[in-house]
Amino acid sequence: MTEGDGGPRRERVLVDGLGPGEAVVVHREALHVLRPDIESAHLDVYTDTGWPPAVLHSFERALALARAEVADGSRSRRADPGMGIGIDVRDDTQFGVLVDLVPHTINAEGWRGDRMVFSAADSGTGLWMAVTENQEAALLSRLGALGIPPTVLAGAGGARPRTTRSARWLRTARRSSCAVPEPVTAAGARRWSRI
């Protein structure tokens, strides 16, 4: 259990064995409940399973956000254009991109200050969150209204997600000299998977 704004937080994870459709719903509903808590977020536009056609517009928008970060100097031109794309969750359009892509990405994280409150990974199979009692109740209510039982979430048992990016890592990565892969377009999105 972690402490923070809003009282003690319970760490919850997505259980194994859900169908892909259910996992998508749980990821998206968790983001909606946690949105007020997330001060900074980022995602990778890589997937192991291929981007569903319905989210390709969000894939393109995420790449446009990465290009904008290069243009404003907050991202190195040499940084991988699909990794650690900053998302402003206060902006409805950017939040929509996050909601669309999180259930399919290899990595996305939401932070409140220096504390992670949301982590999605492994193309829809990994989900970790730190929720208050009220947030958990709200999430379970939303899921129940969609016919998803509360047993889809379990206690994390002390297992914390691997933190692959933090604010410090992003600053370092954006200045790095790593090679830039070929530009990615919606036509090539299905091929663009984890390297």
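The Stokes-Einstein estimate for the range 1-118, based on a Kirkwood radius over Cα pairs and taken at 10 °C with 1.306 mPa s viscosity, is a diffusion coefficient of 105 µm²/s. Think of each Lys and Arg Cβ as +1 and each Asp and Glu Cβ as -1; about the Cα centre, that makes the dipole of the range 2-144 roughly 200 debye. Of the whole protein surface, Ser76 contributes about 30 Å² of accessible area at a 1.4 Å probe radius. Here the range 30-82 exposes an accessible surface that is 54 percent carbon and sulfur, computed with a 1.4 Å probe and the other protein chains kept in place.
Charging the Cβ of each Asp and Glu at -1 and of each Lys and Arg at +1, and nothing else, the dipole of the range 79-119 about its Cα centre rounds to 160 debye.
Between Asp92 and Ala71, the simple spin-label model (points 7 angstrom out along Cα→Cβ) gives 2.3 nm. Heavy-atom accessible surface of the range 75-161, averaged per residue, reaches 40 Å², computed with a 1.4 Å probe.
The values are calculated or read from the model by the stated rules, or taken from the named source; none is laboratory data. Just so you know, these numbers come straight off a predicted model, no measurement behind them. So basically every Cβ, Gly included, is an ideal-geometry build from the backbone, and we count neighbours across all protein chains shown. When the accessible area is computed, the model is the full protein with side chains, heavy atoms only, and any ligands, DNA or RNA have been set aside. Shrake-Rupley method; radii C 1.70, N 1.55, O 1.52, S 1.80 Å.
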